[in-house]
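Have a look at the structure below, then the notes.
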Amino acid sequence: MAAASHAPTSWRSQLERNACGVPASLGGMKITETIEVGRPVDKVWALFQDVPELATCLPGAELTEDMGDGKYAGAMSVKLGPMTANFEGQATVTSDADARTGEVSGRGVDKRGGSQGQIKVDYSLESMESGGTRVLVEADLVMAGAAAQFGRTGLIKEISRRLIGEFVDCIEGKLAATTAEEAAEISAGEVKGMSLFFASLGSAIASFFKRLFGAKKADG
C-alpha cells in the first residue's frame, strides 16, 4: 500500500480545493461531537498527550511509526458491510497545554480499494462541575473513492458516533487501571463490519422516515 505522501497529485489538489470550501463529489463533511469522561481533566489531558497509548483506543487503528516532531505513520481499517477500507498514511499532532487544546491532521490512502481521505481534527478539554472532563471535537473530513459513497448517505457520521462510544469506554478503562501494565492491556475492539453497517443503516432509515412523516404532519 502507498503512504499518504504517495497519493496522486491531482487527488491532493482536489482535496485541498474541497478543504477550502469548493463543492465537489468527494464526500466532504464536518463532524462535531461532545464527549464526557468521568475522570479529572488533568488525567484525561495526560492520556491525550500519550499518542501511542491513545491510538490503542481508536477502533481499527494501528500506529506503525513515531517519526518525531509530532508526526506519526499509521493505518486504519474500517469494515463497511461488504467493503473494507484499509487506509495507510501519516498524521501530525500538535497541542497547547495551557489552553488544553490540540489538533490532528492527516491523510490516508486505501490503494487496494481506491479510497482516499483527508481529516483535520480540533479538540479541547474542559473541567466539569462533576469533576469529570468534557471533550469537544470538531472534525473536517474529505473522502474520495468508494468510501465517499457512505459519506453521501450520512453513514460515516453515524458510524463515527458509534466508534466514539468505544473510544470513550477505552479511555475510561485505561484511566481506571491501577497499574501501567493493566492500562496497556486495555484497547478498543476491532471495528465490527456487518453489524455496524446495518446498525448505522437502520439509524439512517429511521431518521429518514422521521423527517418524512414530520414534514407530512407539518403540511397537514
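If you add up the charges near residue 175, with Lys and Arg at +1 and Asp and Glu at -1, over every other residue whose beta carbon is less than 9 angstrom from its beta carbon, what do you get? Could you put the intermediate results ahead of the total?
Numbers: positive: 39, 43, 174; negative: 172.
Value of the local net charge: +2.
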Cα-Cα over 21 Å: which of 120/174; 79/111; 43/120; 43/174?
-> 120/174; 43/120
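Where a number appears in this text, it was derived from the coordinates with a stated rule and is not lab data. Computed from a prediction, not measured in an experiment: that's the story for all the values here. Backbone-built Cβ (ideal geometry, glycine too); neighbour counts: all protein chains shown.
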